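Asks: One structure coming up, written as structure tokens, with questions to follow.
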């Protein structure tokens, strides 16, 4: 390393390393129709942490009350390796940075890293915020210097960079110089409108790299949007021109047409262009992470997505399939396992068996590949998946299913029938958009349920403020006398997905229910699934599985009533 | 024009023209889960013809019985400007082209253009089809020569071109030379696996252009797949390197991760790179065409798609919105009207007053900023959103809400009460994971419902295979006598989101329902929302809003029962 490399650049990793910066929780959450609770954000942050993303932008504390709570609440379950980043604008015109009220909640969020964004485009300065070009430079410099004085590390996002540079390159570069001199550790070139094409991204990034000596050798990042359908290619072009940070989102979520999809950027950089982003085992978590995030967000997993989609390595047609099996690399651009995905042979599937055996082994069940029951499990599994079951996110139901096939599922209770009745106590006036106060909701569902436990039969009734709550209560009322443990299993999450939405209310429904049970400081969590054309029936399946699974782990043998 | 340009190149249009080649009907139809009837294909062909696509690949007659019928049937309603293209492989090894049975149905399809594809990759020749490199060259040359002898114009698709060129550029180029010398009018470089990145596409296309004198100056085309998430960028890179035909599909449909999306390629080429693809009025049909094709295919229109998506020019956030209204081009990369799309102001919890007024204006309602009712609407909206309503995706409910605030919402019907009863006819055995056969589901929900319409009161009952289906039917049964139009409003999609899932089944539920109504060739769609702790109640709200909104647009005044 030569002596001309300044200290700041030394702090950044090796030259072929690209630093990943995820903004799913902030820019991704801008996607139309996407709405994240604080709990959702915390779960996504942990998924990203486990994937190995080093920088996770959590939100803009202060601009959104939820974001303040997110940063606060995450401290109870801290991230293992990732740095959390708070996001905000530079100070407003005509204020001292120390007096900027916007900054109080940012600093209070208590992150080591802060990303602040400023204006690069002279027109946005003079016409948009109505101040002088000099004041804008001061706003950038002051804000960064202020955060530095509070011992924070600062990333500077240069908004509308590419448009700005094409109109007035001199002024645009001055804004970067201001940021670099004030102590920013990264200068991130943002294509905020998403209108720039790869050749211009490459050219302009190279022009910035050529000014590195004026920018204190501060490393460059890239932040792209997909309005031209080239967000991923733009990120790659910038890296090839010298950028060493990529900002993007999981599954490409984001405002308008989305942000650069990290699920595509990462494998392209690492497997094709030879840059280092994640370790090999981390990269193998990519597909699971992409799908888990989509589940938390409650959007369908991206079926046709590159690299991580269910269809990404799906092969149809006999000749093609045998050619793939002979020499996969002539028909697949990467090995699907490198990103944790798998080849799917759409006609006759043999690929799944080893996956299943590996999964079953995690339940402590050893099963031989040649055992006919293994093929039987695979075949039933395909039928269930075809019907709409999905076990990726519902391993508890999968374990019960496998144990059922193997005759290792002792029956704890048997449903004889149930009835659920929903009635409107308070007529709901069409046009009266008055939301009821939380807590004032009248009881409006009643469930009756008959189960057999051993030789005993119990008929119970319960009410709730919805049909599923009533059914849950009625089932527990019936079981508690035999299995007191059921009262400890809490319902932690309940998700509904309509399969094949195009057939309207006649479509099948998939319900996922997450349960939690605390034993001392440890919280066990498990998720179950139910599928039916009737949402109540699907919910019952998932409820019953959840209680049964909890009992399986608590009491290895069923209790027989006297 | 210089005299060195050969006759064939003269037949192609001006140098800055890019010829569009659509393969939605063949390569697009390979998408997993997509299935097209002959009627569907004919409708799509006409949409593409009206858009102005000059070359439409219709299928592989003979390989698929439907495709024979498609070419035959389309003759009854011929295309206005487009050329239909039949697709097939080159002849098989060891046969004369004239004796190749595959070619009979191709020629019988009666198109002026034929696209034939051949192997570029030496390994695919020797290992895949087990013949010699020389025989493969003969297969390419003979097949093209045979079609030329039958007065057909021939496009040659070089399969796996980029992988082939990277392994054995000499042989790969020999295959192109064989095709050019045999009379192909276009040589199309195909990235069949979709694994090539833009810089390699650019480099390799430029290398082919440099061999133009060996290729009889035959013009070059590009065919890309999206496995690396760079299909569009790859097509652009090839054009910038000299290619003058782009093959792709509408909405990027295609096997695995799809083909190059023509809806993105076209505006990028024409509006940003200065190439000519379509006339300006044709380009303005792009959004309608993209949506019409998705309707025919019965897939949801691509909401977040660049250029043509519903969200492509959607703006959130107060400051941003007022800036867009001041100077759109600083926040939009093109004018949405250039591709027939439009700007949308999205209502969300970040909305300020200017968003709301802009949105309300699109309903034809003028509201002054200073009118106290405007502030009242904003304040109620915040309450509703805090409660869990979300209007971004439910503009129909938002319009009803605004009209309600303004006393412009005539009451069409009033709910007095409803009851829904779900019962298990067939006891569901825990542990019996036997999915029911579609269609064999027993009726298991009954809804009764009482509404007032004008002075009349109706009590109805209906059954369905789920509580929401039963409730929907009961409501329509009650209304149809007064408003026959309700039977035309179809339920197109039903989405459920549990808000704040962490409180389990007691949490609030948000239901979104999409309705569709056809009037001639135009399909109107609208979406409504309901929120309640009880999923049935939330569904009722969205159902009732949906019918009311449909009636509002159909019948401006309510009908009063006698």
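Asks: Got at least one residue in segment B:200-218 being under 15 Å from residue B:19 (Cα atoms) and free of Cβ contacts under 8 Å to residues at least 60 places away in the same chain?
Replies: Scanning segment B:200-218 turns up no residue that is under 15 Å from residue B:19 (Cα atoms) and free of Cβ contacts under 8 Å to residues at least 60 places away in the same chain.
Asks: Here is a further query. Kindly check whether there is at least one residue in segment A:44-54 that is within 14 Å of chain B (Cβ to nearest Cβ) and buried (at least 23 other Cβ atoms within 10 Å of the Cβ).
Replies: yes
Asks: Of the residues that make up segment B:102-113, is at least one free of Cβ contacts under 8 Å to residues at least 40 places away in the same chain and more than 20 Å from residue B:209 (Cα to Cα)?
Replies: Within segment B:102-113, one or more residues are free of Cβ contacts under 8 Å to residues at least 40 places away in the same chain and more than 20 Å from residue B:209 (Cα to Cα).
Asks: Tell me, please, whether a residue that is in contact with a strand residue (DSSP E or B) (Cβ under 9 Å, 6 or more places away or on another chain), at the interface with chain B (Cβ under 8 Å from one of its Cβ atoms) and either in a strand (DSSP E or B) or at pLDDT below 85 (or both) can be found in segment A:398-414.
Replies: There is at least one residue in segment A:398-414 that is in contact with a strand residue (DSSP E or B) (Cβ under 9 Å, 6 or more places away or on another chain), at the interface with chain B (Cβ under 8 Å from one of its Cβ atoms) and either in a strand (DSSP E or B) or at pLDDT below 85 (or both).
Asks: For segment B:204-224, does any single residue satisfy the condition of being surrounded by fewer than 19 Cβ atoms within 10 Å (Cβ to Cβ), at pLDDT 95 or above, within 14 Å of another protein chain (Cβ to nearest Cβ) and not in a loop (DSSP other than H, G, I, E, B)?
Replies: Yes, segment B:204-224 contains at least one residue that is surrounded by fewer than 19 Cβ atoms within 10 Å (Cβ to Cβ), at pLDDT 95 or above, within 14 Å of another protein chain (Cβ to nearest Cβ) and not in a loop (DSSP other than H, G, I, E, B).
Asks: Return the residue satisfying two criteria in turn: it lies in segment B:103-139 and is part of a loop (DSSP other than H, G, I, E, B) and within 31 Å of the chain's Cα centre (by Cα), and of such residues it is surrounded by the most Cβ atoms within 10 Å (Cβ to Cβ).
Replies: B:109
Asks: Then there's this: Which residues, counting only those in segment B:145-162, are farther than 18 Å from residue B:211 by Cβ and assigned to a helix (DSSP H, G or I)?
Replies: Within segment B:145-162, B:145, B:146, B:147, B:148, B:149 meet the criteria.
Asks: Take segment A:240-256 and flag every residue that is buried (at least 24 other Cβ atoms within 10 Å of the Cβ), within 11 Å of chain B (Cβ to nearest Cβ) and in a helix (DSSP H, G or I).
Replies: Listed by number, the residues that qualify are A:251, A:252.
Asks: Let me ask something additional. Out of (1) closer than 23 Å to residue B:266 by Cβ; (2) in contact with a helix residue (DSSP H, G or I) (Cβ under 9 Å, 6 or more places away or on another chain); (3) within 13 Å of chain A (Cβ to nearest Cβ); (4) free of Cβ contacts under 8 Å to residues at least 40 places away in the same chain, the odd one out for residue B:227 is which?
Replies: Status for residue B:227: all satisfied but (2).
Asks: Next question, about the same structure. Among the residues of segment A:182-195, are any assigned to a helix (DSSP H, G or I), away from every other protein chain (no Cβ under 12 Å) and either in contact with a strand residue (DSSP E or B) (Cβ under 8 Å, 6 or more places away or on another chain) or surrounded by fewer than 24 Cβ atoms within 10 Å (Cβ to Cβ) (or both)?
Replies: The answer is yes; a qualifying residue exists.
Asks: Going by what's in this entry, would residue B:300 be described as within 12 Å of another protein chain (Cβ to nearest Cβ) and in contact with a helix residue (DSSP H, G or I) (Cβ under 6 Å, 6 or more places away or on another chain)?
Replies: So residue B:300 does not fit the description; no.
Asks: Would you pick out the residues in segment A:520-562 that are under 25 Å from the mean Cα position of the chain (by Cα), over 19 Å from residue A:451 (Cα atoms), more than 8 Å from chain B (Cβ to nearest Cβ) and modelled with pLDDT of 85 or more?
Replies: Once the filter is applied, which keeps residues that are under 25 Å from the mean Cα position of the chain (by Cα), over 19 Å from residue A:451 (Cα atoms), more than 8 Å from chain B (Cβ to nearest Cβ) and modelled with pLDDT of 85 or more, segment A:520-562 yields A:526, A:527, A:528, A:529.
Asks: Follow-up question, since we're still on this one. Give segment B:29-43 a look and list any residue that's within 14 Å of another protein chain (Cβ to nearest Cβ) and either in a helix (DSSP H, G or I) or in contact (Cβ under 8 Å) with a residue 24 or more places away in the chain (or both), or say none.
Replies: Correct list: B:29, B:30, B:31, B:32, B:34.
Condition check ((1) at pLDDT 85 or above; (2) within 12 Å of chain B (Cβ to nearest Cβ); (3) part of a loop (DSSP other than H, G, I, E, B); (4) touching a strand residue (DSSP E or B) at 6+ places or on another chain (Cβ under 8 Å)) across all residues:
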| residue | (1), (2), (3), (4) |
| --- | --- |
| A:329 | no, yes, no, no |
| A:334 | yes, yes, yes, no |
| A:338 | yes, no, no, no |
| A:349 | no, no, yes, no |
| A:354 | no, no, no, no |
| A:357 | no, no, no, no |
| A:360 | no, no, no, no |
| A:365 | yes, no, yes, no |
| A:376 | yes, no, no, no |
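Asks: Name the single residue, out of those in segment A:89-100 being touching a residue at least 24 places away in the same chain (Cβ under 8 Å), in a loop (DSSP other than H, G, I, E, B) and surrounded by fewer than 17 Cβ atoms within 10 Å (Cβ to Cβ), that is farthest from the other protein chains (Cβ to nearest Cβ).
Replies: Among those residues, the one meeting the criterion is A:96.
Asks: Restricting to segment A:461-474, and then to whatever is farther than 12 Å from residue A:539 by Cα and assigned to a helix (DSSP H, G or I), can you tell me which residue is farthest from the other protein chains (Cβ to nearest Cβ)?
Replies: A:474
Asks: If residue B:458 satisfies all but one of (1) within 11 Å of chain A (Cβ to nearest Cβ); (2) over 23 Å from residue B:294 (Cβ atoms); (3) not in a helix (DSSP H, G or I), what's the number of the condition it fails?
Replies: Status for residue B:458: all satisfied but (1).
Asks: Could you tell me whether residue A:482 is over 30 Å from residue B:462 (Cβ atoms), facing chain B (nearest Cβ under 9 Å) and modelled with pLDDT of 90 or more?
Replies: Here the answer is no, as residue A:482 does not meet what is asked.
Asks: Output the residues belonging to segment B:50-73 that are in a helix (DSSP H, G or I) and touching a strand residue (DSSP E or B) at 6+ places or on another chain (Cβ under 7 Å).
Replies: Correct list: B:67, B:68, B:70, B:71.
Asks: If you don't mind, there's one more thing I want to ask. Of the numbered conditions (1) out of contact with any helix residue (DSSP H, G or I) (no Cβ under 8 Å at 6 or more places or on another chain); (2) surrounded by fewer than 23 Cβ atoms within 10 Å (Cβ to Cβ), residue A:474 fails exactly one; give the number of that condition.
Replies: Among (1) out of contact with any helix residue (DSSP H, G or I) (no Cβ under 8 Å at 6 or more places or on another chain); (2) surrounded by fewer than 23 Cβ atoms within 10 Å (Cβ to Cβ), residue A:474 violates only (2).
Asks: Could you check how many residues of segment A:257-273 are outside any helix (DSSP H, G or I) and surrounded by fewer than 24 Cβ atoms within 10 Å (Cβ to Cβ)?
Replies: Of the residues in that region, 1 qualify.
Asks: Give the residues of segment B:34-43 that are within 15 Å of the chain's Cα centre (by Cα) and either over 19 Å from residue B:114 (Cα atoms) or surrounded by fewer than 22 Cβ atoms within 10 Å (Cβ to Cβ) (or both), sorted by residue number.
Replies: Within segment B:34-43, B:34, B:35, B:36, B:40, B:43 meet the criteria.
Asks: Among the numbered criteria (1) modelled with pLDDT under 90; (2) at the interface with chain B (Cβ under 9 Å from one of its Cβ atoms); (3) within 36 Å of the chain's Cα centre (by Cα), which one does residue A:425 miss?
Replies: Looking at each condition in turn, residue A:425 falls short on (3).
The values are calculated or read from the model by the stated rules, or taken from the named source; none is laboratory data. All of these numbers come straight from a predicted model, not from anything done at the bench. All Cβ positions, glycine included, derive from the backbone under ideal geometry; neighbour counts span all protein chains shown.
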